[in-house]
Amino acid sequence: MAAGKKREGTTVPPSAWTVEDSLELFQVPAWGKGYFSINAAGHVVVRPDTTADREIDLHEVVQGLSERDLRTPVVVRFSGILAHRLKRLHDVFAQAIVENEYRNKYAAVFPIKVNQQRLVVEEVYRYGKEYGFGLEVGSKPELLAVMAMTEDSPDRLIVCNGFKDSSYIEAVILATKLGRTIIPVVENFAELALILNHAATHAVRPKIGVRVKLASEGSGRWRESAGDRSKFGLFVTEILEMLKVLRERDMLDCLQLVHCHPGSQLQDIRRVKEAINELAHVYAELKQLGAGLQYIDVGGGLGVDYDGSASNFPSSMNYTLVEYANDVVYRIASVCNARNIEHPMIVSESGRAIAAHHSVLIFDVLGHSALDGFTVLPGDIDKLARASLPQPVQDLADAFRSTNPRRLVESYHDAVTARDEALQMFKLGLLSLEHRGLAERLYWATCTKVRDAARKLDEVPDELAELEGILSDTYFCNFSVFQSLPDSWAIDQLFPVMPIHRLDEQPVRKAVLADITCDSDGKIDRFVSLRDTKRTLEVHPLRKDEDYFLAVFLVGAYQETLGDLHNLFGDTHVVHIRLHEEGGWWIEEIVKGDTANRVLEYMEYDVAELYPALARDCERAVRDNRMTVAEGQAIKRFYENELNGYAYLEP
Ligand code: PLP
């Protein structure tokens, strides 16, 4: 802010508000990590390689899409950010390797479950080429996709995790025969026999990995990915048994990789250190026992600072990318150095940290409801004073009238009590609908008056501070939480949300965001803030005949693939936007969102039968003179158009 700091809730004269105020209010530099900012026009800009003069105006993108008949909601992917994330990961490890005199390389393998969309996986694979990065799969279908995608690149690693049946393993062995560097990771003991059998049948010398069940538990939401009770991995006794089996077959050299996955979104660096330390010791012991180990795979877990607080909070992380790389390299190096063992190639299965930043979900606001819109005019008050009203309504009028800065809490208590009594009387049939309506209006008008006066206090009592949330607006937004932000609904994951325009103007309203599904869970009512989470988001008042757009950032990891079809809202439109080398931006790819036809088909409706059924109905109505032919045709055309139209609202 230009002049001094303001308390939350206070307002700055509109002319004094600057885009710097918006940057601070929405904490953009903290979570944006240089990829997002606000330009002088008050629009959010995207800087794919974090360079300030190479930026894309997000509001301009939305308008450009609208000119191409692509309306919000839309997921906008920035390929440049993806490329930059991969480079950054490579660079921080390269630096850590130099600093720790590490005598081997690092490569990431992108777990495609994080965002399986073909275009995303292809881009990660393409951009990762110069760093020798590979891919990780967790199922047979994922492997089948990756086998086709990785032709002609024998050196790039493919790591195969997840439960494996015989045909999954046969596919791995066949890919080995085709020349891929592919490693099935034994997650449970039975998989070893399958690998050995298929390898023998196809005369292939396989590379094998093993997932270690770490004793050090993970942390955060996915803490059970590690520890004794974790679903995957072999106990040390089983690994020793595995070693025995391989030794008997003279195949110790085939055991090439040790792996662990300490959980996703590790918020605390101590967990990373503990897990890597334990894994490094397992590596060293196995190496000394004669295993041909070449790789140490530290799994996923590298976090994303969704709320920008750089703290040990589930939506954040208390370490940087540089610190992570340093810790991983240092721990492995020191264990190997102490035992005089070769340094293995380091592999990480970082998914979230690669993909999250590159996608933004943008949607329009369809309308709003506001509880502080109930006004009581001075004339009304005079009339009320003269009218004979039921006692609780009279009390509410008194509470409203007597509200002043010295008795805010009392007025609020009086209003709450009187409203409860009014409702009680209504339920007993002792209050008319008209008086109940009046009571409601007086109650909300009193709350608003109290809240407005409380905003001017130096210290706001907790009870009155809550009025900010109670009186907040609801902005109805054209998207589905279940489809586009499943982690917000399922595990209360926080994502940064903010308007993408009008940011040179103070957002004077506070709102929660409701989606268009018929479900009260379909909402966002927790927002990022450096101190704690905010229960409301600062937004601008809606203007007549003008669209208002909000965006959710950092949604490139897990959200698209976990989304569901609640209320039959399918995939949103997706576009890939790139910077043009000569300035500006261009649309590299457009993937149109689901039509009503398509989502109905997913649900096994025979879509070929929908239109004929409706047409038959129209013809019967024409036959019975209930409508004209023209009316029947209009209904048919409407229905057909809607079946082929976007599943979201098109105001
Ligand atoms: N590897 C495995 C085995 C996983 O289960 C996961 C996700 O949970 C990942 C890698 C990716 O983790 P992240 O997105 O935290 O990097």
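Here the condition is being among the β-branched types (Val, Ile, Thr) and out of contact with any Asp or Glu (no Cβ under 6 Å at 6 or more places or on another chain); of VAL322, VAL347, it holds for VAL322 alone.
Would you please list the contacts, defined by Cβ atoms under 7 Å and residues six or more apart or on different chains, that run from a residue in segment 197-215 that is within 13 Å of GLN256 (Cβ to Cβ) and among the β-branched types (Val, Ile, Thr) to a residue that is open to solvent by less than 70 Å² (accessible area, probe 1.4 Å) and within 16 Å of the ligand (Cβ to nearest atom)? These pairs meet every condition: ILE208/ILE183; ILE208/PRO184; ILE208/VAL186; VAL210/VAL185; VAL210/VAL186; VAL210/LEU234; VAL210/VAL258; VAL210/HIS259.
I'd like to know if segment 279-295 contains one or more residues that are within 14 Å of the ligand (Cβ to nearest atom), open to solvent by less than 20 Å² (accessible area, probe 1.4 Å) and on the phi < 0 side of the Ramachandran plot. Yes - at least one qualifying residue is present in segment 279-295. Within segment 373-392, at least one residue is more than 30 Å from TYR648 (Cα to Cα), in contact with a helix residue (DSSP H, G or I) (Cβ under 8 Å, 6 or more places away or on another chain), open to solvent by less than 10 Å² (accessible area, probe 1.4 Å) and not hydroxyl-bearing (Ser, Thr, Tyr). Restricting attention to segment 256-275, the residues that are more than 27 Å from the chain's Cα centre (by Cα) and closer than 30 Å to LEU494 by Cβ add up to 1.
Return yes or no: is PRO154 within 16 Å of the ligand (Cβ to nearest atom) and touching a strand residue (DSSP E or B) at 6+ places or on another chain (Cβ under 7 Å)? Against the criterion (within 16 Å of the ligand (Cβ to nearest atom) and touching a strand residue (DSSP E or B) at 6+ places or on another chain (Cβ under 7 Å)), PRO154 does not qualify. Of the residues LEU366, LEU377, the single one that is in contact (Cβ under 8 Å) with a residue 24 or more places away in the chain and either away from the ligand (no atom under 16 Å from the Cβ) or not polar (S, T, N, Q) (or both) is LEU366.
If you scan segment 508-566, which residues turn out to be assigned to a loop (DSSP other than H, G, I, E, B), more than 16 Å from the ligand (Cβ to nearest atom) and of a type in the set (A, V, I, L, M, F, W, C)?
From segment 508-566, those assigned to a loop (DSSP other than H, G, I, E, B) are 508, 515-522, 525-526, 528-533, 535-536, 540-548, 553-558, 563-565; that's our starting set.
Filter again for more than 16 Å from the ligand (Cβ to nearest atom), leaving 508, 515-522, 525-526, 528-533, 535-536, 540-548, 553, 563-565.
VAL508, ILE516, CYS518, VAL528, LEU530, LEU542, PHE553, LEU565, listed by residue number.
Scan segment 601-651 for residues that are among the aliphatic types (A, V, I, L, M) and outside any helix (DSSP H, G or I) and report the count. Give the steps one after another, and end with the answer.
Pass one, segment 601-651, residues among the aliphatic types (A, V, I, L, M): 603, 607-608, 610, 613-615, 621-622, 627, 629-630, 634-635, 643, 647, 649.
Subsequent filtering for residues that are outside any helix (DSSP H, G or I) retains 603, 627, 647, 649.
Selection size over segment 601-651: 4.
Within segment 309-318, the set of residues being open to solvent by 10 Å² or more (accessible area, probe 1.4 Å) and either within 16 Å of the ligand (Cβ to nearest atom) or not hydroxyl-bearing (Ser, Thr, Tyr) (or both) comprises ALA310, ASN312, PHE313, PRO314, MET317, ASN318. Restricting to segment 422-442, name every residue that is over 44 Å from the mean Cα position of the chain (by Cα) and of a type in the set (Asp, Glu). Within segment 422-442, just GLU434 meets the criteria.
The values are calculated or read from the model by the stated rules, or taken from the named source; none is laboratory data. It should be emphasised that the depicted structure is a prediction, and the values quoted were computed from it without experimental measurement. Every residue, glycine among them, receives a Cβ derived from its backbone with ideal geometry; neighbour counts consider all protein chains shown. These area figures cover heavy atoms from the full protein model, side chains too; ligands, DNA and RNA do not enter into them. Shrake-Rupley method; radii C 1.70, N 1.55, O 1.52, S 1.80 Å.
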